[in-house]
Amino acid sequence: MNFNKLARECVRKLKPYSCARDEYKGSAGIFLDAYENSFGSVLSVGLNRYPDPRHIELKARIAAIKETTIERTFLGNGSDEVIDLLVRVFCEPGVDKIMILPPTYGMYKVVADINSVEVVEVPLTENYQIDTDAVLKNTEDVKLVFLCSPNNPTGNIINDAAILKLLETFNGLVVIDEAYMDFAPEKSWLPKLNQFPNLVIIQTFSKAWGLAGIRMGMGFADPEIIDLLTRIKYPYNVSGAAQQLALEALSHIDKKDKMVANILSERQKLIEKLKKLDIVLKVNPTDSNFILVKFRNAKQVFEYLMNKRIIVRNRASVIGCENSLRITVGKPEENKILIETLKKFTAECTEIAEE
Ligand SMILES: *Cc1c(COP(=O)(O)O)cnc(C)c1O
């Protein structure tokens, strides 16, 4: 696939901004090129210098851990930036389209709307899987299909066979957002990058790594696609503090894995307890760190919980998620209070019904 041809003309023709740190690539020297404060900073953490715009050290570590290459690795200010850059590289406003499969992560549509890019919506099936035929029938002018697996807000993994079919048949890019992949028994699509040049994978430090605060998203794709993203990103899109902290985080994979194991064991307990509640109609299978739960009356439950200062995500107004609340797996004590509160709600409802 010729990705340069797939990209917008203005991106192809762009002469990227050249910043001071692009011209001299060494790390030692007397730096008098970027109007920084040579005396230091007001903080003990330093950071008086502009960060590496190419993110070389961090990308090298990530590429090694993920068993891919620097050339296939991109870093953004959260995965939300990666999503935005993908749309801006490939979709000419008012001409090209993206496809999303609702119910899914809301950011794909927001990014498209901001960029005046039309969104084709092909709903997931009843089991929250891809309707492959419907997808393939509606790809006219579509440059990017956004898949989320495990899917937010439904929690489930998308079947391999359906994704494979899209990768083999669709004439644009298939973007798989793997924000929750650490919580799933299935493997990432990352090793398949060599096999499918039109595959783009997005991952993040925000969920399993517990670092939503540093804003660090990752994109993995064919080197040509990574080049295009790099051309249009802001030079210093990832801060020095974020790069340092992400590097530090990568030497604690064991800690991440342990937290994931704890979350999974809490998730199992939570699922079993939710299933026993009278007000719960369905606990959807989940491969992530949250559970989509269908209630008899989600709105009432949501408000009751809110009044007790337990905040969950109300997804009742989303197509395919009628009467459903999305509940993140909390710490043992938090989950215990959640279940007790839901039991209390059930008891109060029954009392009212009996009166
Ligand atoms: C939380 C989430 C992200 C993470 O976004 P960041 O900008 O990296 O924090 C990405 N995709 C999905 C589907 C998510 O739910």
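Miscellaneous remarks
- Within the set Thr139, Thr104, Thr125, the sole residue that is surrounded by fewer than 14 Cβ atoms within 10 Å (Cβ to Cβ), at pLDDT 95 or above and either more than 18 Å from the chain's Cα centre (by Cα) or within 23 Å of Ser79 (Cα to Cα) (or both) turns out to be Thr125.
- Candidate set: segment 167-213, residues that are part of a strand (DSSP E or B) and of a type outside the set (A, V, I, L, M); chosen: the one farthest from the ligand (Cβ to nearest atom): Gln203
Residue-wise test of (1) surrounded by fewer than 12 Cβ atoms within 10 Å (Cβ to Cβ); (2) within 16 Å of the ligand (Cβ to nearest atom).
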site: Phe31; (1), (2): no, no
site: Phe39; (1), (2): yes, no
site: Val42; (1), (2): yes, no
site: Pro51; (1), (2): no, no
site: Glu57; (1), (2): no, no
site: Ile62; (1), (2): no, yes
site: Arg72; (1), (2): no, no
site: Leu75; (1), (2): no, yes
site: Ser79; (1), (2): no, yes
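- When the criteria are applied in full, Pro235 fails the requirement of being at pLDDT 95 or above, in the same structural domain as Leu58 (by TED's automatic domain parsing) and over 17 Å from the mean Cα position of the chain (by Cα).
- Test: residue in segment 108-117 that is away from the ligand (no atom under 14 Å from the Cβ), farther than 23 Å from Asn159 by Cα, among the charged types (D, E, K, R) and out of contact with any Asp or Glu (no Cβ under 6 Å at 6 or more places or on another chain): yes
- Which listed residue is under 14 Å from the mean Cα position of the chain (by Cα) and aliphatic (A, V, I, L, M), from Ala179, Ala161, Ala134, Ala112: Ala179
- Any hit, segment 62-71, residues being closer than 30 Å to Leu136 by Cα, of a type in the set (A, V, I, L, M) and at pLDDT 95 or above: no
- The listed residues are Asn307, Asn335, Asn289, and the only one of them that is at pLDDT 95 or above, assigned by TED's automatic domain parsing to the domain that holds Ser265 and touching a Leu at 6+ places or on another chain (Cβ under 7 Å) turns out to be Asn335.
- Taken together, the criteria place Asn198 among residues that are touching a strand residue (DSSP E or B) at 6+ places or on another chain (Cβ under 7 Å), surrounded by fewer than 23 Cβ atoms within 10 Å (Cβ to Cβ) and of a type in the set (S, T, N, Q).
- Only a single item in (1) more than 12 Å from the ligand (Cβ to nearest atom); (2) assigned to a helix (DSSP H, G or I); (3) within 24 Å of Ser288 (Cα to Cα) is not met by Val135, and it is number (3).
- Qualifying residues in segment 81-101 (those that are free of Cβ contacts under 8 Å to residues at least 40 places away in the same chain and not in a helix (DSSP H, G or I)) - the one surrounded by the fewest Cβ atoms within 10 Å (Cβ to Cβ): Gly94
- Scope segment 222-261; condition more than 16 Å from the ligand (Cβ to nearest atom) and assigned to a loop (DSSP other than H, G, I, E, B); matching residues: Asp222, Pro235, Tyr236
The values are calculated or read from the model by the stated rules, or taken from the named source; none is laboratory data. As the structure is a prediction and not an experimental result, all values here were calculated from the model. Virtual Cβ from ideal backbone geometry, glycine too; neighbours counted across all protein chains shown.
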